[in-house]
Amino acid sequence: EVELCRLSTQEKLGLTLCYRTDEDEDVAIYVSEVSPNSIAARDGRIREGDRILQVKYFHSHQPPTY
């Protein structure tokens, strides 16, 4: 699990995503590019070719709703 946090709205996570289907036509989301000097690049744990399994969103100014 990797958690990336923006400290300001000006910061970019820096991920470009793409999707692919396999022989069974299952769709998967992958990282196609990590922008230099982005939050993801500085963190170093997400790399091109990694598969995205889940995305969670939390806005720190509002409590999450369930």
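At-a-glance table
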| read-out | value |
| --- | --- |
| Residues of region 21-60 satisfying the condition of being of a type in the set (Gly, Ala, Ser) and under 17 Å from residue 11 (Cα atoms) | 35, 38, 40, 41, 44, 60 |
| Matching residues in region 1-54 - criterion: being open to solvent by less than 100 Å² (accessible area, probe 1.4 Å) and in a helix (DSSP H, G or I) | 39, 40, 41, 43 |
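The values are calculated or read from the model by the stated rules, or taken from the named source; none is laboratory data. Worth saying up front: this structure is predicted, and the values here are computed from it rather than measured. Calculation scope for accessible area: heavy atoms of the full protein, side chains included, ligands and nucleic acids excluded. Shrake-Rupley method; radii C 1.70, N 1.55, O 1.52, S 1.80 Å.
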